[in-house]
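Handing you a structure now.
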Amino acid sequence: MRLKFYLIKTNSRQLGIALLLLTFTVFQSLAQATDATIQGVITATDGSTLPSATILVKNTATGFQTGTITNANGEYRFIQVPLGGPYEITASFVGYGSKKKEGFMVNQGDQLKINFELSETVTEMETIVVTGDQIRSSIDRQGEATIVSTQQIQNLPSEGRNFTRLVSLSPLQGGGSLNLGGQRRTSTGVTIDGLNARNTLTAGEIGQGPYTISQEAIRTFEISTNDYDVTQGRQGGGAIKAVTKSGTNDLQGSAFVYHRNDKLQNDLDIRENPRTADFNNTQYGVSLGGPIIKDKVHFFAVFERQEATDPLFIADIQTADDENRSGLTKANLDRYLQIARAKYGLSNDQQVGQFERSSEASTFFARVDWQLNNIHRLTIRNNYNKYTNPFGTSDNSSFELAESYSDFNSQENTLGVSLRSAFNPNFTNEFKLQYQHAERAYNPSSQLPSSNIPRAIVNVQSTLPNGSSASRTVQLGGQRYSPETNLENMIQFTNTAYLSRGNVNFTFGTDNMITYLETLLSNEQNGRFFFDSLDDFENLTPSRYAREVPLQGLPIVKQTVLDLSLFAQAEFSLHKDLEVIAGVRWDGTIFTEAAEFNQTVFNELGIRTDNRPQDLDNIQPRLQGIWNIGGKDSDIIKLGGGIFNSQPHYYAQVNNIQNSGTLLGAIDVTGADVPTPDFNAYRNDPSTVPGVPAGQVPFSTINAVGDNFEVPTTAKFNIDYTHYFGDKYSVSVNYLASKTTNNYVYQEANLVKDPFFVTNEGREVFVPANTITASGITDWTNSRISNQVGRALVLESDGEVKQHAIIISGSAQVGKDGYFNISYTRNSSKDNSSYNCCVANTSTFLPVTGDPRDLNYGYSDNNFRSKFVVNTASPSFHGFVLGATITGSGGSPFNFVVDNNNRSANGDFNLSNDQAYIFDPNDANTSQAIKDGYMDILNNPDVPQNFKDYLQDNFGRFAERNAGVNGFYANIDLRLLKKIKLANGHGLELSADLFNFANFLDSSKGNSHVYSRNLELMRITGFDQLAKSYNYSVQTGAGNEPINGTPWRVQVGLRYTFGQ
């Protein structure tokens, strides 16, 4: 068995901290679970309000009931109402008749306003049955959230049945699957039933497989980006909030299977080349829910499993067009493979082409709801995931052979308990407790030893069939951070109290997490050889060798992180048509473990390696107003603003503890000091991999925390106007803006203060000119302040983001149960670092014009300029429903950089962070070769205009970062659903989902031509010692238009139901 988790029990000190905090925070809280409210006003027939009227609310499907009395203004309010229904609401008053309204369904975030008019002349109960949903049930959510209902989850196409894929329906999602509002992925919160479902180590969902929880278990979910409620925390960009299903008094269940295979998809890949790898995906499962004790205890459970075989394309070069697009010729690839097998021990197993990659995922969810009495309601839920994905993780070269792909597997379990207590009509309390456990492991390929071997990274220069030139890196050997394991144990305990006093509704509480992690990192500990050409690769003459060498055995990092919060809020009416919410939130973050103190680093650089990230001064005021003009529920203006803090990824402190200079030593040599590689020996005995040369004292790579570290802080503002045309139609205009400061970023600290020289084009260079070789190779070790320390990266809070957007949207209810939602977004997001996670070196990939400490402000990697979204479903017709989603976006950025061919133009450690200087072809000093290269691109009809525009706009200067604008691309997915009613409450649902409808109509359509982020336009070919200037050539192949996407495929489904 190759998987091995290195797990060590939490020590008594950490447990003591947890118990102390648990005792201290008896009344703690979290974000609301359902955000659903039922409220209204009770009046007499003459219009006067009725104080102390009695209001009873009952969910007839579960028996849940609660009651209250109206305040002095005749108003009542029920908060955090359990979702579902149908609900019945009864109003009564002494001397007046009673009235009951029934048929209400409550969805996440609903704010149902149910008013009653009671008459003294009526003595019998009057019942009014309400049918259909009203679009105005979410008036107060306009401008802040996209709510996806049970009906939408059922009707809209969803590949892989992962509900979080529907995050793309948010007009502010862009730059990544979970990036919201132009922010980093770590600024997105993820909750299920109001409790954390976020991977705190690296961000994203807790589940690492195809889904965190079965879609069958989700009642509804919400993508929130501008909610100023103080219960919303640790989410500078926004939050994804899901609520699960619960059982009812009726026994209900389902059995389902959804399937995709080769026969149900295009037999051509997106390039219109024949596919040879098999494709197969089957998801199946069962659900069951019902009463344990009617009107008192209910259960719901789901099991789901996925078995999938997906095609994987590795350097699948079949045609001349493939060569042009990939920047690598088939002849050079074949030569690389021949050398690798002859001299580097590469096996005869398939290494490039099309592969069949199989994975398995299982999830089990169970929930019990217990109405203990009329005051207390207890919910217990558990969710378990297991995922195995061999051949699942690639590396950071242009191309990696199959042996460089590592295997991944994970398992997660989350157990949560919540207690809702309505102590009296004016006071409700919600207490929540959760234990979350996760284990994850990356292991080297089965073709390699379990402890891994070095990488051989070869720079391959190709002259392509269309006459252009390109340089790409091709890699064999081990994946750079395998093996890696991590264990995560998290306890979360929260309490939110809701108190009504007169006309003011108060919310107060706190939300706390204690997270213990054990992480084995092996990043770059396998070593890497750099080769400047295929000839050097064949001659076993690398130009550089680097490795992080373990000094004390396995570098396992253990740490505990405390995330604490307190908040308070008041909701009141300044006017009968103007509702105001004002509050304040405090968040604190404490990393309890510090790295070892390194005296040498302190003496040489003044850096304390034993600093701990800690930030306890995060006060976040928030204010929101909702103006219901004229009280007619037809014109709504919503204005809000506030401060939000986000969590840094916990991986950062793993970097800092591991790289204090005591656990690892670094070797980084060039020229004659580079050892001759012997990959045959490494494969047989990984202990023979070159380490620290005998008799030498290694210098160490240092990661540390700055003295003034702060967590990211986002200031947000938005104003929204919505007009309702009756109960079925609405249009909205929303403007929003945000600014984030204190974004985390690693900064170079062992780099000389001033450059040794500046090139003619203005690039600062931090190594002496006389140390740069005639071919342009620099040795970064000559850029250091101290020769006793290696590279030093300090975690600082220098990052910032500025974002603004305008959104125009509309909604309509069509017929009895159809709907149509549309939105269009114009967006701009700029930053000076888009670093999200994880390894510290990744932070320094930011392209710069010289000094890497001068963060290069420009369009964010997460930017998009426009987005268009439609989600719609037809009214049901004889059991048929047609659903569709159209998601299109444009304006993602691309950038020009200097080719990563083992050369650093500014002389620092990083080989891929040099912004390209675009020479002016009208300048007499520009070489003819560069002029010809630019003209080849500009005269090439196959190079798109957006590439040419970016090139021409930057003649005579450094290319503006990320100012290349990719074109617009839209995808259309369809679902046809047929419901068949059988006898005695049984039913069948037949479904067919068609993904990429345009490609289905025409195999040449339904693709995108989006350039990757950094395009290597300029290549260093030499260095002129006298002029202190680099010589460059133009990589004309950089403009070759890419083709991206996934061809059409069909998913067929069969779902049997009963009791529904």
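The numbers here are math on the coordinates, done by the rules we state, and not lab data. For clarity, every value in this text was computed on a predicted model and none was experimentally measured. Cβ atoms come from the backbone with ideal geometry, glycine included; neighbour counts cover every protein chain shown.
DSSP beta bridges in segment 37-131, what fraction antiparallel, as a percent rounded to 5?
So the antiparallel bridges amount to about 70 percent of the total.
Could you size up the charge dipole of the chain around its Cα centre, putting +1 on the beta carbon of Lys and Arg and -1 on that of Asp and Glu, and report it in debye to the nearest 20?
2100
Round to the nearest 10 and give me the degree value, 0 to 90, for the angle of helix 12-24's Cα axis relative to the longest principal axis of the chain.
Once rounded, one gets 30 degrees.
Just how far, in whole angstrom, is segment 1005-1053 from segment 202-258 if you go by their alpha carbon centroids?
If you average the Cα positions of each part, the centres end up 38 Å apart.
OK, next. When a/c reaches 1.5 or more, the comparison of a/b and b/c decides; with that in mind, is segment 451-528 rounded, prolate or oblate per its Cα gyration tensor?
Oblate shape, in that a/c is at least 1.5 and b/c is the bigger or equal ratio.
Follow-up. Between segment 44-93 and segment 848-885, what is the C-alpha centre distance in whole Å?
Rounded to whole Å, the Cα centres lie 41 Å apart.
Per-residue ellipticity at 222 nm for the chain, helices alone: DSSP H runs ≥ 4 residues times -39500 (n - 2.57), over residue total, nearest 500 deg cm²/dmol?
Mean residue ellipticity at 222 nm (helix-derived): -2500 deg cm²/dmol.
Write out the GluC sites (Glu not before Pro) in segment 592-655 meeting two conditions: DSSP loop, and at most 12 other Cβ atoms within 10 Å of their Cβ.
Those satisfying the criteria are 596.
Charges on Cβ only, +1 for Lys and Arg, -1 for Asp and Glu, centred on the Cα centroid of the chain; of 93, 592, 871, which one is farthest towards the dipole's positive end?
My answer, from the dipole projection, is 93.
Checking the a/c ratio against 1.5 first, then a/b against b/c, what shape does the Cα gyration tensor give for segment 743-803?
Oblate, since a/c reaches 1.5 and b/c is not below a/b.
Rounded to the nearest 10 degrees, what's the angle between the helix 928-938 long axis and the longest principal axis of the chain, both from Cα atoms, 0 to 90?
Roughly 30 degrees between the two axes.
Enumerate by residue number the chymotrypsin sites (Phe, Trp or Tyr not before Pro) in segment 333-425 meeting two conditions: DSSP loop (anything except H, G, I, E, B), and at most 16 other Cβ atoms within 10 Å of the site's Cβ.
none
A 21 angstrom limit on the alpha carbon distance is what I want to check against. Which of 867/1005; 99/245; 296/979 exceed it?
99/245; 296/979
Give me the angle, in degrees from 0 to 90, between the Cα long axis of helix 330-343 and the longest principal axis of the Cα atoms of the chain, rounded to the nearest 10.
Around 70 degrees separate the two axes.
Dipole magnitude of segment 141-264 about its Cα centre, charges +1 at Lys/Arg Cβ and -1 at Asp/Glu Cβ only, in debye to the nearest 20?
In debye, rounded to 20, segment 141-264 gives about 260.
Ok, one more. Just name one of 565, 288, 337: the one whose Cα is farthest towards the positive end of the charge dipole of the chain (beta-carbon charges, Lys/Arg +1, Asp/Glu -1).
Checking the options against the dipole of the chain, the answer is 288.
Would the chain count as rounded, prolate or oblate if I go by the C-alpha gyration tensor, calling it rounded below 1.5 in a/c and otherwise prolate when a/b exceeds b/c, oblate otherwise?
Prolate, since a/c reaches 1.5 and a/b exceeds b/c.
For residue 948, which lysines qualify as cross-link partners when the Cα separation must be under 18 Å and same-chain residues fewer than eight apart are set aside?
Straight-distance partners of residue 948: 931.
Among all the aspartates and glutamates, which ones have a C-alpha under 17 Å from residue 816's C-alpha, if same-chain residues fewer than 8 places away are not counted?
Once the sequence-local aspartates and glutamates are set aside, what remains near residue 816 is 133, 727.
Taking the Cα centre of the chain as the origin and placing charges on Cβ (Lys, Arg +1; Asp, Glu -1), which of 1039, 454, 934 is farthest toward the positive end of the dipole?
Of 1039, 454, 934, it is 454.
Same structure again: Once you charge only the Cβ atoms, +1 for Lys and Arg and -1 for Asp and Glu, what is the size of the charge dipole of segment 734-879 about its Cα centre, to the nearest 20 debye?
So the magnitude is around 540 debye.
For the cross-link pairs 632/739; 716/830; 263/981, which exceed 23 Å when the distance is taken from alpha carbon to alpha carbon?
Checking Cα-Cα distances, 632/739; 263/981 exceed 23 Å.
I would also like to ask the following. For segment 817-926, state which chymotrypsin sites (Phe, Trp or Tyr not before Pro) are in a DSSP loop and have at most 16 other beta carbons lying within 10 Å of their beta carbon.
857
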